[in-house]
1. Please go through the range 50-83 and pick out each residue that is over 16 Å from the mean Cα position of the chain (by Cα) and among the basic types (K, R).
2. Could you check V51 against (1) among the β-branched types (V, I, T); (2) at pLDDT below 95; (3) in a helix (DSSP H, G or I) and say which number it fails?
3. Do we find that V23 is modelled with pLDDT of 95 or more and among the hydrophobic types (A, V, I, L, M, F, W, C) in this structure?
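The values are calculated or read from the model by the stated rules, or taken from the named source; none is laboratory data. Computed from a predicted structure; not experimentally measured.
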Amino acid sequence: MQTYSDSKLEGLEDQLRKMKTQVDDLTRTNSELVNTRNRLTTENGDLQRQVRDLENNYGAFSKNKGQLQSQLDDAKSKLEEEIRVTTPALFALSHVHCGPKKVSNSRIITRSYLKPRQ
């Protein structure tokens, strides 16, 4: 009977060692998972902050884009108006024939440049 009890005791002690090893492994795994969760929580907070910053920057860039587009449209309108107003005058001037005129020092003045005496 002693032998049976001893072998049963050894079997139970062996099971206890295995369970303690499993508990140690599970504790280590749990600790690693907690550390990973904490790291991911921190990273998530950082990423959420970056997203907020990017959204704010996007809003500012969109506002600036709108302002620049408005300024560009205004400049285009002014240019188109200036072209509309000046084109007929330029067209009329291009058809007026002005010959060269003699001036003092025998220089000839043409439309867009001066020629020295030849």
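1. K76, K78
2. Failing condition for V51: (2).
3. yes
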